[in-house]
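One structure below.
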Amino acid sequence: MNKKKHIHFVGIKGVGMAPLALIAKEAGFTVTGSDIEKEFITDVALQKAGIKPNVGFSPEHIADPDLVITTGAHGGFDNDEVLAAKAKNIPVMTQGEAVGVFMKGEIFEKKLKGVSVTGTHGKTTTTAMLATILTENALDPSYIIGTGDVGSLPAPGHFGKGNLFVAEADEYMTEPKYDKTIKFLWQHPEFAIITNIEYDHPDVYESIEDVREAFASFAQQVSPKGALIVCGDDREIQKIIKDSEKRVITYGFTPTNDYVLQRVTISGDQTFLWLESHGTLLGEFMLRVPGEHNALNAVAAIIVCLELGLSVEKIKKGLLAFQGSKRRLEFIGELLSGARVYDDYAHHPTEIKKTLTTLRAQYPNKKILCIFQPHTYSRTKMLFDEFSKAFENIDELFVIITDIYASLRELPDDSVSGKKLVDAITTSQRDVHYVPTLPDVVQYINEKKLRSDTILVTMGAGDVYTIHSKLSFV
């Protein structure tokens, strides 16, 4: 592997692929890549790194690289560029496999210590928090974070001089058609975080039992030298650690955890948390992002840093530098009409509830307009009842539901739709409207002239965030 100097990335603009490309470029590799012309949240990061993707996929783009790394989307192993590489006997690996290879460090001719962060929710934010604390303390880790931008870091991917490699670990399939290995199983970290386990990705898992089994397999890959760091409040996690032979460190609100959140207070865009461990008070930590869920994410990052030898005071300082990640309750700006606009990646019922609960705590006296774009037919259908109840118990909430944003990996399903979801939500939530397309949403917002008494949040894993460029901001 260390002989390979030119890497070509198929689907380079994906949030899992772009950070890998950035790492390779910083490590001294020649980097090329291809993707569709559509706007991605990673466009700016790639541009800053001097990486200009080819538009579209063509065998002509395979100019004899030493290695091709492909996404599971855009045809995966059936992509024209991948087929051309194989015809030339050029090695091909998937994004998931590449993360595991990069984590080992052999391709960079150095030995690295891996730290993996996984869970159904919160892995991107937790990875970003951890990378920020380590960077602020001059450990210069390498890292791969599945987003387009992290305010406290130069880019979502970085090749550091230190010996740590921090990676987000994904529970999706390696390649949907030919290799159904769960992506995080390519990683063999010294330390691993599991934030939570819930049923998601119904196109991969038939049941929560299957999800739990996958995470249990991942947990077994943690090095005996390190530790498995998990939220002990999570019922599914409790099942997988019950008989674990690994060293397990738990955290959460329950007093039986190794690290206990004694209190969490939200004040505007900030969160204050008080942490105790085995009777010792570690003090107050401050976050510049809101939410009880972010307090839990922070504790996971804090524990890893303590295990790596950082002092509590250094961790507090590093954590204070974290400013959030792109599309994670990101403040976009203020409309000319007065409303404040946020954007969030929430695409699961649990995430919707947590984001809306956080906004309500931040702005107790304001109306909230949530524009939700359902993501994938399979998820919307399998979790339909949960989605229909995800907007309950939030006062002064107004909801807009768009058409479903389909994955490139699935076919349309007429049995489920944004309109049907609206009909289901109206049984418990009066102020919900079906606004099918994004241009329709922009028109709706402009006509309403939302004032300063309203918080607008766009929500979903699709392209709902692209409406921001069509709105008028201060």
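This ranking places Met286, Met93, Met129 by how few other beta-carbon atoms lie within 10 Å of each, fewest first, which gives Met286, Met93, Met129. The packing ranking, built from the mean of other Cβ atoms within 10 Å per residue, places the peptides 223-231, 143-151 in the order 143-151, 223-231, highest first. Placing a pseudo-label 7 Å from each Cα along the Cα-to-Cβ vector at Lys110 and Thr181 gives an inter-label distance of 2.6 nm. Given the range 146-294, what whole percent of its Cα pairs are spread farther than 28 Å? Value for the range 146-294: 31 percent of Cα pairs lie more than 28 Å apart.
Select from the chain the helices, each a whole stretch of DSSP H, whose alpha-carbon atoms run 18 Å or more along the helix axis and whose Kyte-Doolittle mean is at least 1.0; answer none if there are none.
Numbers: long enough: 123-136 (19 Å, 0.43); 292-307 (23 Å, 1.09); 349-362 (20 Å, -0.70).
Membrane-span-like by this criterion, though nothing is claimed about a membrane: 292-307.
Using R0 = 35 Å, the C-beta based FRET efficiency linking Thr254 and Asp140 works out to 0.50.
Strictly greater than 19 Å: what percent of every Cα pair in the range 131-228 meets that? Intermediate results must be reported in sequence, preceding the final value.
Details: 2415 of 4753 pairs.
Across the range 131-228, Cα pairs with separations above 19 Å total 51 percent.
Using the Cβ-Cβ distance between Thr265 and Ser452 with R0 = 25 Å, the FRET efficiency computed as 1/(1 + (r/R0)^6) comes to roughly 0.50.
Overall shape of the range 330-470 was characterised from the C-alpha gyration tensor. The equivalent ellipsoid obtained from it has semi-axes of 23, 17, 13 Å, in decreasing order.
Gain on full extension, evaluated as 0.36 nm per residue between Glu245 and Glu276 minus their Cα-Cα distance, stands at 8.6 nm. Report the FRET efficiency, 1/(1 + (r/R0)^6), for Asp463 and Thr357, where r is their Cβ-Cβ distance and R0 is 35 Å, rounded to 0.05. The pair Asp463/Thr357 has a calculated efficiency of 0.90. When Rg and the Kirkwood Rh are both derived from Cα coordinates, the Rg/Rh ratio for the range 1-93 amounts to 0.93.
Residue pairs exceeding 26 angstrom between C-alpha atoms, taken from Lys225/Lys314; Lys86/Lys161; Lys123/Lys353; Lys13/Lys367; Lys13/Lys354; Lys123/Lys246: Lys86/Lys161; Lys13/Lys367; Lys13/Lys354. The length gained on full extension between Glu284 and Ala321, counted as 0.36 nm times the residue separation minus their Cα-Cα distance, comes to 11.8 nm. Any idea what % of Cα-Cα pairs in the range 52-175 are farther than 20 Å? The calculated P(r) of the range 52-175 puts 51 percent of pairs beyond 20 Å. Pairs of Cα atoms in the chain fall into 20 Å distance bins, from 0 up to the last occupied one, in shares of 24, 58, 18, 0 percent.
Every read-out reported here was derived from the displayed coordinates using simple, explicitly stated rules and does not represent laboratory data. All values reported here derive from a predicted model rather than from experimental measurement. Using ideal geometry, Cβ is built from the backbone for each residue, glycine included, and neighbour counts are taken over all protein chains shown.
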